[in-house]
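Here's the structure we're looking at; comments come further down.
The values are calculated or read from the model by the stated rules, or taken from the named source; none is laboratory data. Since we're looking at a predicted model, the values are computed, not measured. No Cβ is skipped: glycine too gets one built from the backbone with ideal geometry, and neighbour counts run over all protein chains shown. When the accessible area is computed, the model is the full protein with side chains, heavy atoms only, and any ligands, DNA or RNA have been set aside. Shrake-Rupley method; radii C 1.70, N 1.55, O 1.52, S 1.80 Å.
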Amino acid sequence: MKKYQLGEFEEIVLLTVGVLYGEAYGVAIKEEIAKRQNRKVSVGALQSALRRMESKGFLNSEFGESTKMRGGKRKRYFKITALGKKALDYNMQSRVELWNQIPDVAFEFKLC
Amino acid sequence: MLKRLGERLFTFYCHPDFQEDIKGDLEEYYVLNLEEKGEKYANRKYLIDTFLLFRFSLLRENWIGQNLINYAMVKNNLKVAYRNMMRHKFYAFMNLGGLTVSIAACLLIAIFVKDELSYDTHFENSERIFRVQSYLEFGNNEFDLATTAVPMAAAIKESFPEVEESARINGNRTNLITVRNKFFRQEGITYVDNSFFNIFSFPLIQGNREHLLDEPNTVVISETTARKLFEDTDVVGQIIRLEDGTNLKVTGVMYDIPTNTHFDFNMAITMIDLPRAKSNSWTSNPFATYILLNREESEDAVIDKFPYLIENYLAKQITERTGLTWEESVAAGDYTEYSLMALTDIHLLGHKQWEFQVNGSVQRVYMFGSIGFFILLIACINFMNMTTARASVRAKEIGVRKVLGSRRKQLINQFLTEATLNSFIAIVLGTLLASAILPNFNAFTGKSIVNPFFGAGGLWPYLVLGGFLIGVLAGIYPALVLSAYRPLKVLKGETMQSKNTFRMRDVLVMIQFTTSIALIIASITVYRQLNYLQNKELGFDKDQLLVVNNTHLLGDKINVFKNELLNNSMVENVSVTGYLPASDIFSDTPMLKGDATSTDESVSVQYWFVDHDYANTLGLTVDQGRFFDPAFATDSMAVILNETAIEELGYSGNPIGQKIKSNRAISDDSAPIYTIVGVMKDFHFQSMQTEILPHVLFLGKSDFSISVRYKAGSTKDIITLAEESWNNLSAGVPFEFDFLDSMFARSFENENRIKTIFTIFAALAIAVACIGLFGLAAYVTEQRKKEIGIRKVLGASIFNLLNLLFSNFTKLVLISALVAIPIAFYFMQDWLTDFAYSISLSPVIFIVGSLGTLLIAWLTVGYQSLRAARRNPIDNLRYE
């Protein structure tokens, strides 16, 4: 299903947005990914993934408050949409399905 | 700066809907980075992030649409540019070669300039550190000192709330020191206040910054010194013994002082028990004093309050000593003024007496900066000229493109792309070239610059920017000219160059040659001036003079040593004195005529202590009277003056037998009065750049070194002889020697370096200009191939033909010379005024410079022209 296609990085970003429910804006997402996945994310990669998913309809966003630390600029909070949820479900399901299809023999490493 | 650049860039390309929050995010990262890793890192990271944010999904919408088309166009343009370069490899090679070499030269100059500007900026708070300086006048003497009075540091900190900390530093000597009974010659021994390390954040390897020099007899040494003395850096608590027997405890080891600072010490000894640091005299100014202000802006406040210091300290002391009030003493010609100099300015602007080292000069930075600029300009002009000159080759292409619907803008884009491609290739090659030359450049300039181009904090963002800039600068003119062609005319094969473009090309060639000629004249002048200084009559004989150092450590045996040397037939004369020319000694005192009753007419003289054999050993000429003679017991009260001193004191008539005395003699009857027994010819006892000052020789003990005048051709033997004799007497103190002529040559090292650098870059500028001329000549000759053929058939001689081809270039060079000569004259005249002794700018220099350039131009054009003129006309005229 092309409609629900998610890249690996996109999936992680989408999930992290879910984890940070209500607090998911650029800096927080980046830090969360760094913390949980132990993975350095460039601002460019993150932001482009967010906008891409927003235009696909997996995310929506609204402006939040501004702080002095941000030079008076507002934060943009992201939220998963129903479609985003579906995409996640679809992705997980397809993985699980594939996982279940693997014959037990494939994991028999003794002979190798 | 980088941050703002990044912000602009981002605003430029990012979709407006996304800008606010992403910028906010960036700001937040910036603040985080600023706290964690410092400003530099944060700024850089910000810029890099904005580069990385350049993503398709974040771009402005109209960009996305347009970009797709442009992408194809850019790709096509690049392809066409590449094919063009491949088809005309010779021109491509010349274009790129010239540009590459000049970019490499520019980059080297840029890092040189950057290094000059980076002096002393690496200290924490360097922008809040200032040096206190003093300017004195007494009589007709002026002293502009980098130093100030001993009690200044304490007084200024106590009196001014703006001053957070103050520290003094004094002395920079080379002495023999002992560590574990081994002798070492140690350079850069200095005394500093405990607070010195609170002001200057020299990073430490070992030791506690809070307690470095707060006990008597403690010392902080540099890493290299530690390795030299102890072969280890973990040496806190170890003992170093000075010449006078003082034992110093090492309390800290600091990293070696970087080369881009005006300090140059290796051992910093505490001032706590230094007697001269306890002096309360405001009238002598021996200590360099640094202050740390609470804010950078407090500088003016401190300057405004200096009169308070003068009133409360200096003026009071003067009144105590002389009975005069401050106003009276100012009226009598004794005047003192204090000033501040920012730490970061010292390297380029500090040219006072008693600087720690010979500082750089702003003038030199400007000079090199402008040479760099001109080299680049010449290379850009090459590019413009060759592109427009070769326009006929491209004319058909342009015509066809236009007929097929290219708009002018697109053609301009195409040519700009070509130029930018060229400049990028040249930048890459130039950077590699500069990196390859850098080690040699470092060795040559005496700097230790690490490759600044690559890596995280490298200069590469500027290089990328520079690539675009050079591309646009060099490409815009050809692009405008070429894109303006009328397709109809071009395709019909009519001449497409209006008279105007010809003239423009001539102007550009003239700019190149004006620059080249000016640079040639400048380098000839610099060369001749420095040669003149080095070969100027010194007034003494610097050759065949061996100097043995550290002789004061021989104690009483110094005379034994002297006699042993004299016993050898190779030795002509031996003199015991530490006062030698070219050794940077500066010891001045005011002196008066014997009958003077006030200090108004005091003359500041340099006073040296020498022995009886001094004049013979150094080869000084005594004009009137005699030199010191053992036969006269009264010579201890005798003096020898140089001609300048005689003149300044006003003893021109018959100076022998006249008296002189020090200022002290006015109020103190017991002060000695000296008799002039001889007048010596002026000799250059200081740097050749300074005027010969009044100079007075006294008979006295100064046993820091022995000078040995020996017979020519026995240099090797004399060293062996002196060393053997020394080793018998010295009890383990190592033998150290030098030659007066090499000491003298060393004092010119800096100037010689500048001379060579200047010559190299000037030659480079000319070479690049010639590459352009060569290309242009090749093209013009090619264009006139048929004409030459026809003329030859009709009977023109080779000379006629060469004349035809040369005359235009000759005219251009001559006009350039007319423009260049006044410019060069003005600047070189200005440069020469800095020297006390300078050559006059003779017309020969200008004529040689201009004719030399003309000759080079002829040679460049000549090869092509001669080949064309000698070719069989059939080859030129035959079609198909």
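Points to keep in mind about this one:
- Considering only trypsin sites (Lys or Arg not before Pro) in DSSP loops that have at most 10 other Cβ atoms within 10 Å, the longest stretch of chain B without any of them is B:181-877.
- Coil-residue chymotrypsin sites (Phe, Trp or Tyr not before Pro) of region B:398-483, DSSP, other Cβ within 10 Å capped at 12: B:Phe454
- Tilt relative to chain B, helix B:408-445 - C-alpha long axis, 0 to 90 degrees, to 10: 30 degrees
- Set of lysines near B:Lys661 by C-alpha distance (under 20 Å), chain-local residues within fewer than 8 positions excluded: B:Lys593, B:Lys701
- Pairs exceeding 19 Å between alpha-carbon atoms, taken from B:Lys542/B:Lys716; A:Lys35/B:Lys40; A:Lys73/B:Lys23; B:Lys396/B:Lys489; A:Lys68/B:Lys23; A:Lys56/A:Lys79: A:Lys35/B:Lys40.
- Tilt relative to chain B, helix B:843-870 - C-alpha long axis, 0 to 90 degrees, to 10: 30 degrees
- Partners for B:Lys249 among lysines (Cα-Cα distance below 26 Å; same-chain residues under 8 apart left out): B:Lys182, B:Lys228, B:Lys278
- Helix B:499-535 axis versus longest C-alpha principal axis of chain B: approximately 20°, rounded to the nearest ten.
- In the full protein context, chain B carries 47 Å² of accessible surface per residue, based on a 1.4 Å probe and ignoring ligands, DNA and RNA.
- With all protein chains modelled, accessible area of B:Thr445 [1.4 Å, Å²]: 20 Å²
- Reported value for chain B: 230 Å³ per residue, from the convex hull of its C-alpha atoms.
- Under a 5 Å amide H cut-off, with hydrogens placed 1.01 Å from N, B:Ser747 pairs with nothing among residues at least 5 apart or on other chains.
- Per-residue ellipticity at 222 nm computed for chain B from its helices equals -17000 deg cm²/dmol, with DSSP H segments shorter than 4 residues left out and the rest contributing -39,500 (n - 2.57).
- Cα-based shape type of the protein assembly as shown, given that a ≥ b ≥ c are square roots of the gyration tensor eigenvalues and the cut on a/c is 1.5: oblate
- Accessible surface for B:Leu469 stands near 110 Å², nearest 10, in the context of the full protein assembly shown (1.4 Å probe).
- Where chymotrypsin sites (Phe, Trp or Tyr not before Pro) fall in DSSP loop in region B:802-873, at most 16 other Cβ within 10 Å: B:Phe835, B:Tyr837
- Neighbour cut-off at most 12 other Cβ (10 Å), DSSP loop, GluC sites (Glu not before Pro), region A:8-112: A:Glu108
- Per atom type, chain B shows carbon and sulfur on 56% of its accessible surface, probed at 1.4 Å.
- Summed buried accessible area for A+B [probe radius 1.4 Å, Å², rounded to 100]: 1900 Å²
- Ordered by 1.4 Å accessible area with all protein chains kept, B:Tyr71, B:Tyr607, B:Tyr527, B:Tyr485 run largest first as B:Tyr71, B:Tyr527, B:Tyr607, B:Tyr485.
- Accessible surface of B:Asp600, taken over heavy atoms with a 1.4 Å probe and every protein chain present, rounds to 80 Å².
- Loop-exposed trypsin sites (Lys or Arg not before Pro) per DSSP, neighbour cap 15 Cβ within 10 angstrom, longest uninterrupted part of chain A: A:41-109
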